[in-house]
1. Return 69, 20, 51, 133 ranked ascending by Cβ neighbour count within 10 Å, so the fewest neighbours appear first.
2. Are there trypsin sites (Lys or Arg not before Pro) in region 1-97 that DSSP puts in a loop and that have at most 14 other Cβ atoms within 10 Å, and which ones?
3. Using helices alone, I'd like the mean residue ellipticity at 222 nm for the chain: each DSSP H run of four-plus residues gives -39500 (n - 2.57), total over residue count, nearest 500.
4. Using a simple spin-label model with points 7 Å from Cα along the Cα→Cβ vector, what separation in nm is obtained for residue 5 and residue 31?
5. What distance in nm lies between label points placed 7 Å from Cα along the C-beta direction at residue 144 and residue 122?
6. Between residue 137 and residue 95, what is 0.36 nm times their sequence separation minus the Cα-Cα distance? Round to one decimal in nm.
7. Can you classify the chain as rounded, prolate or oblate using the Cα gyration tensor, where a ≥ b ≥ c are the square roots of its eigenvalues, rounded means a/c under 1.5, and otherwise it's prolate if a/b beats b/c and oblate if not?
8. Given a Förster radius of 22 Å and the C-beta distance between residue 106 and residue 69 as r, what FRET efficiency does 1/(1 + (r/R0)^6) yield to the nearest 0.05?
Amino acid sequence: MSGIRIEPAIVADEELVEAFQRLLPLLSKSATPLEAYDLESIVASPATTLFVARDGENQIVGTLTLVLFRSPSGARGWIEDVIVDEEARGNGVGEALVDAAIDLARRSNARTLDLTSNPTREAANRLYVRCGFEQRTTNVYRFSLEG
Ligand SMILES: CC(C)(COP(=O)(O)OP(=O)(O)OC[C@H]1O[C@@H](n2cnc3c(N)ncnc32)[C@H](O)[C@@H]1OP(=O)(O)O)[C@@H](O)C(=O)NCCC(=O)NCCS
């Protein structure tokens, strides 16, 4: 796919809302659909960069969220919600999104960039390794605050 462009979303307009209505269910069937005000708060957060990928026709075909934060041990980055439209897959859109996140994390002097990916997500796991991520041996825990 030629002419892929990665940019941070600046405004939570109708186009962005429509894009997330399309993209979010491709990652999670259980995620609550996002309203404009949800996206506004993400876009407005100084810690969060909501990247979108546009194709040659300027359509939003993918997204990645990068969170940059400081903890006592240093500046760190976290990647969430990497999603590419089904018809746009296999063209390097995912790689371009991850590379943009690495670039911003590097320019922000983050020491590390982390993400998790379920082993069943084979394309995603290959993508992260291809982009230079190394698998760590650590226990990942979650305390659910829902329900
Ligand atoms: C993971 C995902 C973001 C990758 O996006 P992408 O734009 O297809 O990424 P790339 O083109 O850079 O690489 C995708 C891989 O799938 C291969 N591929 C080829 N054609 C494909 C197709 N039609 N559909 C899917 N993958 C295809 C690519 O060749 C590449 O394989 P490789 O790593 O062995 O080279 C995308 O598959 C996706 O949105 N999946 C559903 C949500 C998800 O799992 N997100 C990750 C959460 S951790």
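Nothing in this text is a laboratory measurement; each read-out follows from the coordinates by a stated rule. Here the structure is a predicted model, which is why all the values come from computation and not from measurement. Positions of Cβ are generated from backbone atoms using ideal geometry, with glycine treated the same way; all protein chains shown enter the neighbour counts.
1. The order, fewest Cβ neighbours first, is 69, 133, 51, 20.
2. Loop-located and lightly packed - 29.
3. -10000 deg cm²/dmol
4. So the two model labels end up 2.4 nm from each other.
5. Between residue 144 and residue 122, the label points sit 2.8 nm apart.
6. 12.8 nm
7. rounded
8. For R0 = 22 Å, the calculated efficiency reads 0.90.
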